[in-house]
Amino acid sequence: MLKARDIMRSDLTTVNPEMTVEELGRLFIETGRTGLPVTDREGQLLGMVTEDDLVSSNKRLHIPTVLRLFDAFIPLEGSAAIEREIRKLSASTVADIYTSEVVTVAEEAPLDEIATIMSEKHLHHLPVVRDGRLVGIINQHDVIRGIAGEVSDAGA
């Protein structure tokens with residue numbers, strides 16, 4: 001049974017939270033990657049940032065419907081959600097748009113477990129960690145390559 005270490009890409013391109021969204025956009029274009037791990041200066045995984053995060057930061061803001069009650073305006077959506085949307089729309093760095101709650105797998109995770117996680121959680125990228133350190137990344141194409149038995153260029 002193939003494991004994460006057999007299909008993961010170890011040629012990691014990472015970004016830091018201070019990188020501008022313009023630099024991030026150029027990096028997506030130059031590398032052809034659709035998602036990148038966000039790491040701190042020591043290489044600790046902080047989260048993931050995807051093309052979708054970047055695109056979403058440029059969408060129109062949905063103004064929530066408000067309820068007027070006794071001359072008070074009460075938003076029908078939670079203020080935390082509104083604040084998050086405003087922060088994304090005014091994003092200038094990766095820190096403003098990346099996802100910090102990331103699902104990861106160990107190098108020994110079997111292919112069927114990886115496929116299950118990606119399918120059930122609707123993930124396109126899955127970081128591989130060893131002792132809390134990022135050692136690789138798996139995308140859907142890597143899983144398909146593993147299913148097809150083509151693992152010779154893993155890490156490329």
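The values are calculated or read from the model by the stated rules, or taken from the named source; none is laboratory data. Here the structure is a predicted model, which means the values were calculated and not measured. Ideal geometry is used to build each Cβ from the backbone, glycine not excepted, and the neighbour counts take in all protein chains shown. Heads up: the accessible areas ignore ligands, DNA and RNA and are worked out on the full protein's heavy atoms, side chains in. Shrake-Rupley method; radii C 1.70, N 1.55, O 1.52, S 1.80 Å.
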Task: Sum of side-chain charges, Met1 neighbourhood, beta-carbon under 13 Å (Lys, Arg +1; Asp, Glu -1) - done: -2
Open item on the list: Along the Cα→Cβ direction, 7 angstrom out, place labels at Val103 and Ile117. What is the inter-label distance in nm?
Closed with: 0.8
Open item on the list: So, taking all protein chains as they sit and a 1.4 Å probe, how much accessible area belongs to Val102, in Å² rounded to tens?
Closed with: 40
